[in-house]
Amino acid sequence: MANFDAGPVPRDALSYFRDKDLRVGFDFQDVWGQEHAHSFTVAKAMKLDILDDIRAGLDEALAEGKTFRDFARNVKPKLQEKGWWGIKEQVDPNTGQRRQVQLGSPRRLKTIYDSNLRSARSAGQWQRIQRTKESLPYLLYELGPSENHREEHVAWAGTLLPVDHPWWRTRMTPNGYGCKCRVRQVSRMEAERLEREGVQDPQAELETDPETGLPTGRRQRRTMPVRREPPPTRMVSYTNKRTGEITQVDQGLHPAWAGNPGQDRVRVLRDRMTGKVDTLDQRLAQVTTRDVMDSPILTDWVRRPDGELPAGVIDRRAQGALDADTQVVRLAPGRLPDPDSLAVEDYRRLPDVINRGILIAQDDDRLMVFRSREGDTGNPWWLATVRRGGENRQLYLTDYRVATDEELEQARSRGQVIRASEQL
């Protein structure tokens, strides 16, 4: 069982916290949803030095396992010295209006401490879950030690699903401010036992000591069946009043917590890695792309597409023909018309196809890349289609399939041949 309260956080959890960039925001809705995976923010902390003081205090507390009292004792004087304490007048940058707002306070510091501690531990726990899912392939949703629980969270208690079930994409704890629910990883053997014997009913009555009549703090032993299917979802709409964005979330989730910190972190790291390949020279960029596509990173992405991966590096002449700001062709969710028709090994060929294939630019901002394949005389080519994105001017793989000799000749006759033959 994960302990979210005591001791230094694991290395994975600390890395999740330290990878975040500082982001000022007037309202908690200014930084929203999955943005929290890469942005550290505190509402009303409009100066970077204030935000940095809070983050530095949290970093020390997480790394050294300090309590909230230690954290507050360290941070409060610094914030008071800089005037970020109590109720003050601030200008809302969205409206230009002056408002009386609450800056630092013991209650706010407690929320900041708890939220960052629990999300960091959750992200770290998810990384460990992924490393050990072969031997511990299931997750069990359990209620935490809170006296009062959200009705929906009580209904989720006892849910037992595979680690990679999509339900955990948004239900990996915590699932709201103050939520102390937890997720426990279990083996196949324990999952079978739980299915036979059930789990403790979280709504069982509290025990009382027969001699004193006082509550013991434990619940009476009463079991209920585990849930092997995801609980029914009741979607509600939530409007971000700062941006107007409408979010659909399950009724039991707060929109700010409707995610999985560990998965969100992996997505952010992939996106950053893809961006860094853009800054490398072509030879090193090609090597880096091949390394990524040969690694388990690709296997995980194919199983659960999330974020972007570098799929290949195009010739500079092709980059110019597409008027793109990047040399990297990105693999992104929702871009391919039929991604399920491809095996992982097909994806692994992409760097070779894109880096070494015949290049033919078309008038509709497409680049068609042909690379010979063996074993199918009817479809002797791999065909990768690359398009430039919208305002970001990045390159995305939009089609990838086998093709005929006729398709290659048609592409030659209709387009601009940038590279006429394959590179060795």
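The values are calculated or read from the model by the stated rules, or taken from the named source; none is laboratory data. Remember, predicted model here, so these are calculated numbers, not experimental data. Reconstructed Cβ throughout: ideal geometry from the backbone, glycine too, with neighbour counts over all protein chains shown. Only protein heavy atoms, including side chains, enter the accessible area calculation; ligands, DNA and RNA are left aside. Shrake-Rupley method; radii C 1.70, N 1.55, O 1.52, S 1.80 Å.
Can you tell me the length gained on complete extension of the stretch Phe28 to Ser135, counting 0.36 nm per residue apart and subtracting the Cα distance?
That pair, Phe28 and Ser135, stretches by 34.6 nm at full extension.
Rounded if a/c is under 1.5, else prolate if a/b is larger than b/c, else oblate: which is the range 299-370, with a ≥ b ≥ c the root eigenvalues of its Cα gyration tensor?
Taking the square roots of the gyration eigenvalues as a ≥ b ≥ c, the range 299-370 is prolate.
Estimate the FRET efficiency between Gln251 and Asp363 by the formula 1/(1 + (r/R0)^6), using the beta-carbon distance for r and 51 Å for R0, to the nearest 0.05.
After rounding to 0.05, the efficiency reads 0.55.
Which label marks the calculated value of Rg and Dmax of the Cα atoms in Å, given the options [x] 19.8, 58; [y] 22.3, 71; [z] 26.1, 93?
Of the labelled values, this structure produces [z].
Largest first, what is the accessible-area ranking of Met293, Met235, Met224 with a 1.4 Å probe?
So the residues, ranked largest to smallest area, are Met235, Met224, Met293.
Got a number for carbon plus sulfur as a percent of the chain's accessible area, 1.4 Å probe?
47 percent
Taking a ≥ b ≥ c as the square roots of the Cα gyration tensor eigenvalues, with a/c under 1.5 meaning rounded and otherwise prolate when a/b beats b/c, else oblate, which class fits the range 258-303?
Oblate, because a/c is 1.5 or more while a/b does not exceed b/c.
For the range 263-418, what is the Kirkwood hydrodynamic radius in Å, using each pair of distinct C-alpha atoms?
About 15.6 Å for the range 263-418.
Which whole-number value in Å² is the accessible area per residue of the chain, probe 1.4 Å?
On a per-residue basis, 51 Å².
Please determine, in degrees from 0 to 90 and to the nearest 10, the orientation of helix 68-81 with respect to the longest principal axis defined by the Cα atoms of the chain, where the helix direction is its Cα long axis.
With both axes taken from Cα atoms, the answer is about 80 degrees.
Need one number: nm distance between label points at Met224 and Thr404, each 7 Å from Cα along Cα→Cβ, rounded to one decimal.
Placing both labels 7 Å along Cα→Cβ, they lie 6.0 nm apart.
Given H placed on each backbone N at 1.01 Å, which residues far from Gly389 in sequence or on other chains put an amide H within less than 5 Å of it?
Placed amide hydrogens put Gln394, Leu395, Tyr396 under 5 Å from Gly389.
Using the basic label-point model (7 angstrom from Cα toward the beta carbon), what is the Gln200 to Arg412 distance in nanometres?
Result: 7.3 nm between the two label points.
Whole-Hz ³J(HN,Hα) for each residue in the range 85-93, computed from phi via Karplus 6.51 cos²θ - 1.76 cosθ + 1.60 with θ = phi - 60°, x for glycine and proline: what do you get?
7, x, 8, 9, 8, 9, 9, 6, x
Taking square-rooted eigenvalues a ≥ b ≥ c of the alpha carbon gyration tensor, is the range 160-297 rounded, prolate or oblate, where a/c under 1.5 means rounded and, failing that, a/b exceeding b/c means prolate?
Because a/c hits 1.5 or more and a/b exceeds b/c, the range 160-297 counts as prolate.
Note down the nm distance, to one decimal, between modelled labels 7 Å out along Cα→Cβ at Thr279 and at Arg317.
3.0 nm
Find how much the distance from Thr216 to Glu151 grows on full extension, using 0.36 nm per residue of separation minus their present alpha carbon separation; answer in nm with one decimal.
Separation in residues times 0.36 nm, less the Cα-Cα distance, equals 21.0 nm.
Quick one: what are the phi-derived ³J(HN,Hα) couplings along the range 413-422, Karplus 6.51/-1.76/1.60 with θ = phi - 60°, whole Hz, x for glycine and proline?
These are the phi-based 3J(HN,Hα) values: 6, 9, x, 9, 6, 8, 10, 7, 9, 6 Hz.
Would you please name the GluC sites (Glu not before Pro) within the range 74-181 that are DSSP coil residues with at most 11 other C-beta atoms within 10 Å of their C-beta?
Glu134, Glu147
I need the trypsin sites (Lys or Arg not before Pro) found in the range 24-81, filtered to DSSP loop residues with at most 16 other beta carbons within 10 Å of theirs.
In loop regions of the range 24-81 (DSSP not H, G, I, E or B), the sparsely surrounded trypsin sites (Lys or Arg not before Pro) are Lys47.
So who's got an amide H within less than 5 Å of the one on Phe40, skipping anything under 5 residues away but keeping other chains? H placed 1.01 Å off N, in plane.
Under 5 Å from the amide H of Phe40: Asp21, Leu22, Arg23.
Taking only DSSP H segments of four or more residues, each worth -39500 (n - 2.57), what value at 222 nm results for the chain once the sum is divided by all its residues, to the nearest 500 deg cm²/dmol?
-10500 deg cm²/dmol
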